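A.B. asks: This is the structure I want to talk about, given as structure tokens.
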């Protein structure tokens, strides 16, 4: 029997205790985002638990226990003499919607959602198959909020200028389809900014499409429409100058068919903008990525299993840049550029074109 390295045992045990503590903190942070507790703390400034409870509209006793937990987790500060809690502005910048789109507390609500499907997922480990979207009732509202904040912050001013010629095309008048549009906020933002162009959003979720239509109506948009459609069966031929896919391809049942349908739907010299998870193909190439474990967990417990739940390929969120480029090429899209945007460290921005003679 091999002799144990006792120092290594102690070091690993210490790390596991840290994981336990941080996992508990992740739950607290998710609760804080969903109840608006961080926003209330940022607005109120140093305050006792009763004042903060009134500002957030929650029960003081529950809030006090939560506050003590995030103080222990070094997220907030506590003055024992005044009994006041403070969220430092440097922390608020990453935990609230008040100072921009990088709300990591909102991302951490994913932990509570994934924990809810763990018992059923264990059965899929044993017997195969997948979990359908109906197992994730909170996911669509979560993604809608996350996407809206991201698109509001940078879609028009950062993302569009990243794609050569896109602003000019949309200004002059083009047709654009967004596949897997969700609640359609990106489409509506583009339609409002580029009235000479026409936009359509496709998604399989009827509730999401209704939300997209409602927003378009509220904004008085006449150049944006939405349709419930399986984007693996797009069924369009040379219909669009531009197709976009925002974090929508990797969890499809048949991502190869989706990409092939996009290629067919583009007009010659048409542009695809595909935004997807920033990762490489092969776990050995992702080990230095700070959030790699989170990506594989999210993939396992949502993206991969919802694809398998539709009888699909189970590609997963961490398909990676090399495989993504390969699949784009196999679909008939060329001149592929993989771009990075400093304000969005979590995604790659793939720009591809349909050959002019195709």
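The values are calculated or read from the model by the stated rules, or taken from the named source; none is laboratory data. Treat the numbers as computed from the prediction; the structure is a model and nothing was measured. Positions of Cβ are generated from backbone atoms using ideal geometry, with glycine treated the same way; all protein chains shown enter the neighbour counts.
A.B. asks: Against the condition crowded, with 20+ Cβ neighbours inside 10 Å, in contact (Cβ under 8 Å) with a residue 12 or more places away in the chain, in contact with a helix residue (DSSP H, G or I) (Cβ under 6 Å, 6 or more places away or on another chain) and not in a loop (DSSP other than H, G, I, E, B), how does residue 32 come out, does it pass? Give the steps one after another, and end with the answer.
C.D. replies: Numbers: crowded, with 20+ Cβ neighbours inside 10 Å: yes; in contact (Cβ under 8 Å) with a residue 12 or more places away in the chain: yes; in contact with a helix residue (DSSP H, G or I) (Cβ under 6 Å, 6 or more places away or on another chain): yes; not in a loop (DSSP other than H, G, I, E, B): yes.
Here the answer is yes, as residue 32 does meet what is asked.
A.B. asks: In the range 79-93, which residue that is assigned to a helix (DSSP H, G or I) and surrounded by 14 or more Cβ atoms within 10 Å (Cβ to Cβ) is modelled with the lowest pLDDT?
C.D. replies: Here the residue is 93.
A.B. asks: Given the criteria free of Cβ contacts under 8 Å to residues at least 60 places away in the same chain, under 24 Å from residue 201 (Cα atoms) and part of a strand (DSSP E or B), does residue 338 qualify?
C.D. replies: Numbers: free of Cβ contacts under 8 Å to residues at least 60 places away in the same chain: yes; under 24 Å from residue 201 (Cα atoms): yes; part of a strand (DSSP E or B): yes.
Yes, satisfied.
Residue by residue, here is whether (1) surrounded by fewer than 22 Cβ atoms within 10 Å (Cβ to Cβ); (2) assigned by TED's automatic domain parsing to the domain that holds residue 121; (3) in contact (Cβ under 8 Å) with a residue 12 or more places away in the chain holds:
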residue: 289; (1), (2), (3): yes, yes, no
residue: 318; (1), (2), (3): no, yes, yes
residue: 322; (1), (2), (3): yes, yes, yes
residue: 325; (1), (2), (3): yes, yes, yes
residue: 331; (1), (2), (3): yes, yes, yes
residue: 334; (1), (2), (3): yes, yes, yes
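A.B. asks: Pairs needed: first member in the range 151-164, in the same structural domain as residue 347 (by TED's automatic domain parsing) and free of Cβ contacts under 8 Å to residues at least 40 places away in the same chain; second member anywhere, surrounded by fewer than 15 Cβ atoms within 10 Å (Cβ to Cβ) and assigned to a loop (DSSP other than H, G, I, E, B); C-beta distance under 6 Å; at least 6 residues apart or different chains.
C.D. replies: Between residues of the range 151-164 that are in the same structural domain as residue 347 (by TED's automatic domain parsing) and free of Cβ contacts under 8 Å to residues at least 40 places away in the same chain and residues that are surrounded by fewer than 15 Cβ atoms within 10 Å (Cβ to Cβ) and assigned to a loop (DSSP other than H, G, I, E, B), there is no close pair.
A.B. asks: Another question, if that's okay. Do we find that residue 311 is modelled with pLDDT under 95, surrounded by fewer than 17 Cβ atoms within 10 Å (Cβ to Cβ) and under 26 Å from residue 124 (Cβ atoms) in this structure?
C.D. replies: Here the answer is yes, as residue 311 does meet what is asked.
A.B. asks: Quick check: is even one residue across the range 125-148 in contact (Cβ under 8 Å) with a residue 60 or more places away in the chain, surrounded by 15 or more Cβ atoms within 10 Å (Cβ to Cβ) and closer than 26 Å to residue 266 by Cα?
C.D. replies: Yes; the residues of the range 125-148 include at least one that is in contact (Cβ under 8 Å) with a residue 60 or more places away in the chain, surrounded by 15 or more Cβ atoms within 10 Å (Cβ to Cβ) and closer than 26 Å to residue 266 by Cα.
A.B. asks: I'd like to check something: does the range 70-78 contain any residue that is assigned to a strand (DSSP E or B) and modelled with pLDDT of 95 or more?
C.D. replies: yes
A.B. asks: Please work out which one of (1) farther than 16 Å from residue 95 by Cβ; (2) within 28 Å of the chain's Cα centre (by Cα) is the condition residue 75 fails and give its number.
C.D. replies: Condition not satisfied by residue 75: (1).
A.B. asks: Within 26 Å of the chain's Cα centre (by Cα), buried (at least 17 other Cβ atoms within 10 Å of the Cβ) and in contact (Cβ under 8 Å) with a residue 60 or more places away in the chain - does that describe any residue in the range 57-71?
C.D. replies: no
A.B. asks: From (1) touching a residue at least 24 places away in the same chain (Cβ under 8 Å); (2) within 27 Å of residue 161 (Cα to Cα), pick out the condition that doesn't hold for residue 282.
C.D. replies: Unmet for residue 282, out of (1) touching a residue at least 24 places away in the same chain (Cβ under 8 Å); (2) within 27 Å of residue 161 (Cα to Cα): (2).
A.B. asks: Let me ask you something else. In the range 122-138, how many residues are outside any loop (DSSP other than H, G, I, E, B) and farther than 17 Å from residue 313 by Cα?
C.D. replies: Counting residues in the range 122-138 that are outside any loop (DSSP other than H, G, I, E, B) and farther than 17 Å from residue 313 by Cα gives 5.
A.B. asks: Please enumerate the residues belonging to the range 161-172 that are within 12 Å of residue 341 (Cα to Cα) and surrounded by fewer than 18 Cβ atoms within 10 Å (Cβ to Cβ).
C.D. replies: Within the range 161-172, 161, 162 meet the criteria.
A.B. asks: Residue by residue through the range 259-274, note down the ones that are buried (at least 24 other Cβ atoms within 10 Å of the Cβ) and under 23 Å from the mean Cα position of the chain (by Cα).
C.D. replies: Those that are buried (at least 24 other Cβ atoms within 10 Å of the Cβ) and under 23 Å from the mean Cα position of the chain (by Cα): 259, 262, 271, 272, 274.
A.B. asks: Do the conditions hold for residue 178, that is, is it buried (at least 17 other Cβ atoms within 10 Å of the Cβ), within 28 Å of residue 320 (Cα to Cα), out of contact with any strand residue (DSSP E or B) (no Cβ under 6 Å at 6 or more places or on another chain) and in contact (Cβ under 8 Å) with a residue 12 or more places away in the chain? Spell out the reasoning first.
C.D. replies: Numbers: buried (at least 17 other Cβ atoms within 10 Å of the Cβ): yes; within 28 Å of residue 320 (Cα to Cα): yes; out of contact with any strand residue (DSSP E or B) (no Cβ under 6 Å at 6 or more places or on another chain): no; in contact (Cβ under 8 Å) with a residue 12 or more places away in the chain: yes.
Here the answer is no, as residue 178 does not meet what is asked.
A.B. asks: Go through the range 184-202 and give me each residue that's in contact (Cβ under 8 Å) with a residue 40 or more places away in the chain, more than 14 Å from residue 227 (Cβ to Cβ) and touching a strand residue (DSSP E or B) at 6+ places or on another chain (Cβ under 9 Å).
C.D. replies: 186
A.B. asks: Another question, if that's okay. Given the structure, is residue 25 under 23 Å from the mean Cα position of the chain (by Cα), surrounded by fewer than 17 Cβ atoms within 10 Å (Cβ to Cβ) and not assigned by TED's automatic domain parsing to the domain that holds residue 132?
C.D. replies: no
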